Amino acid sequence: MTVTSEPATLRGIAAAARGRRLRRSPALRALVRETRLHPAMLVQPLFVRAGHEVREEIGAMPGQFRLSADRLASEADRLRRGGVRSVLLFGLPRTKDAEGSGAWADDGIVQQAVRELRAADPELAIIADVCLCEYTSHGHCGVLRGEVVDNDATLELLARTAVSQAAAGADIVAPSAMMDGQVAVIRAALDGAGHAETAILAYAAKHASAFYGPFREAADSAPTFGDRKSYQLDPANGREALREVDRDLAEGADMVMIKPALPALDLIAAARARTTAPIAAYQVSGEYASLVAAAERGWLDRRAVALESLTAIARAGADVIVTYFAAEAGAWLREEAVR
Ligand code: PBG
């Protein structure tokens with residue numbers, strides 16, 4: 001038997017193929033890391049409700065709270081300490097009606113929250129979600145004609161909502177109702193009302209996803225009948241999702257969002273290859289809840305899976321990530337940066 005200087009298993013492997021050379025130490029790995037999360041790319045969703053000094057934990061989203069407007073300043077403070085510069089606001093109105101009129105009331109819950117946050121932190125980037133489902137008695141994202149959500153009648157109400165949010169001081173409005181033409185109508189209404197500087201983040205590719213379950217508990221927005229499949233996208237459709245991205249950009253969206261995030265990494269990557277506009281991804285309530293639940297059972301490491309999933313979303317091509325982990329992840333990332 002011949003003795004060789006090389007183990008048999010490595011015979012024939014080219015010298016250049018030794019990938020482990022650059023994985024040997026933390027410094028080498030950090031040197032060649034391709035994707036780096038930064039707290040400034042994270043957006044924290046906040047649920048705002050009426051009342052005073054309310055901080056109510058959401059059952060299916062441990063660690064997330066419904067806050068009254070007077071608790072927002074301290075929340076903004078916590079975010080700033082973690083380096084997170086942006087929030088996405090959802091409102092729970094005191095009362096609901098068939099049209100969802102609470103969405104565009106000047107003293108509506110989100111409008112109040114925007115003013116409160118603007119006063120507390122003038123530098124915060126404030127995004128307001130534009131949809132009717134939290135405000136309608138039937139829980140659908142638009143007004144009804146019989147049992148059908150009336151697309152064109154809804155557009156006017158979404159436009160009113162966006163204008164009132166812009167008037168309150170929102171930097172960005174984010175239409176999520178999935179009505180056709182919503183971006184164009186909102187752009188025209190904002191410009192007409194003197195809010196040409198307010199940006200639009202379009203929920204362009206929003207799938208009818210079962211991962212929104214915990215959100216509907218948080219925002220009390222589950223439809224009382226039927227589902228959202230006649231307006232949200234079929235999760236099976238990727239090309240159609242990209243068509244929505246194209247349309248929203250053509251209608252004047254400044255940024256486009258893909259949602260949910262981890263189940264749609266392919267679409268984040270495809271959208272990234274398609275446009276130079278900023279791309280946002282929304283790691284939704286069910287994505288958060290499933291990781292948190294497994295971590296609570298001791299089955300997953302909360303911090304590790306949160307950061308790994310956020311990194312995967314960024315690697316796929318998202319510039320901006322909306323995530324319920326934002327505040328926490330911001331603090332983790334700051335901690336890692338000083339190590
Ligand atoms: C409003 C809206 C929803 C979400 C964001 N905006 C709920 C829905 O479409 O049912 C879901 C966010 C999440 O699950 O975290 N239409």
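To keep it simple, each residue is scored yes or no on (1) among the aromatic types (Phe, Trp, Tyr); (2) surrounded by fewer than 20 Cβ atoms within 10 Å (Cβ to Cβ); (3) touching a Pro at 6+ places or on another chain (Cβ under 6 Å).
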{"residue": "Ala50", "(1), (2), (3)": "no, yes, no"}
{"residue": "Pro62", "(1), (2), (3)": "no, yes, no"}
{"residue": "Phe65", "(1), (2), (3)": "yes, yes, no"}
{"residue": "Gly83", "(1), (2), (3)": "no, yes, yes"}
{"residue": "Leu89", "(1), (2), (3)": "no, no, no"}
{"residue": "Lys96", "(1), (2), (3)": "no, no, no"}
{"residue": "Asp152", "(1), (2), (3)": "no, yes, no"}
(request) Kindly indicate whether any position in the stretch 164-175 is buried (at least 22 other Cβ atoms within 10 Å of the Cβ), among the β-branched types (Val, Ile, Thr), in contact with a strand residue (DSSP E or B) (Cβ under 8 Å, 6 or more places away or on another chain) and in a loop (DSSP other than H, G, I, E, B). (result) no
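Scan the stretch 194-222 for residues that are of a type outside the set (A, V, I, L, M), near the ligand (Cβ under 8 Å from one of its atoms) and closer than 30 Å to Ala167 by Cβ and jot them down. Before you say what the answer is, go through the steps one by one.
Residues of the stretch 194-222 that are of a type outside the set (A, V, I, L, M), as a first pass: 194-195, 197-198, 203, 206-207, 209, 211-217, 220-221.
Those still in the list that are near the ligand (Cβ under 8 Å from one of its atoms) too: 203, 206, 209, 211-216, 221.
Of everything in the stretch 194-222, those that are of a type outside the set (A, V, I, L, M), near the ligand (Cβ under 8 Å from one of its atoms) and closer than 30 Å to Ala167 by Cβ turn out to be Tyr203, Lys206, Tyr212, Phe215, Arg216, Ser221.
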(message) If Leu190 satisfies all but one of (1) within 17 Å of Ala250 (Cα to Cα); (2) assigned to a helix (DSSP H, G or I); (3) within 15 Å of the ligand (Cβ to nearest atom), what's the number of the condition it fails?
(response) (3)
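Of all the residues that make up the stretch 311-324, how many are touching a residue at least 60 places away in the same chain (Cβ under 8 Å) and under 22 Å from Pro62 (Cβ atoms)? Steps first, please.
Taking the stretch 311-324 and keeping what is touching a residue at least 60 places away in the same chain (Cβ under 8 Å), we get 311, 314-315, 318-324.
So of that shortlist, the ones also under 22 Å from Pro62 (Cβ atoms) come out as 321-324.
Count: 4.
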(message) Just checking: which of the strands (runs of 3 or more DSSP E) contained wholly in the stretch 30-84 hold 1 or more residues that are within 23 Å of Glu336 (Cβ to Cβ)?
(response) 42-49, 61-68
(request) Return only the number of the condition from (1) among the aliphatic types (A, V, I, L, M); (2) more than 14 Å from the ligand (Cβ to nearest atom); (3) touching a Lys or Arg at 6+ places or on another chain (Cβ under 8 Å) that Ala250 does not satisfy. (result) (3)
(message) I need every pair where a residue in the stretch 95-111 that is assigned to a helix (DSSP H, G or I) has its Cβ under 7 Å from the Cβ of a residue that is of a type in the set (Lys, Arg), sequence separation at least 6 or different chains.
(response) Gly102/Lys96; Ile109/Arg49
(message) within 16 Å of the ligand (Cβ to nearest atom) and more than 27 Å from Val245 (Cα to Cα): which single residue out of Val322, Val292 fits that description?
(response) Val292
(request) For the stretch 295-311, name all the residues that are of a type in the set (A, V, I, L, M, F, W, C), crowded, with 16+ Cβ neighbours inside 10 Å and more than 16 Å from the ligand (Cβ to nearest atom). (result) Ala295, Leu300, Val305, Leu307
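Every number in this text was worked out from the coordinates using simple rules, so none of it is lab data. Owing to the predicted nature of the structure, the values given are computational and were not obtained by experimental measurement. Ideal geometry is used to build each Cβ from the backbone, glycine not excepted, and the neighbour counts take in all protein chains shown.
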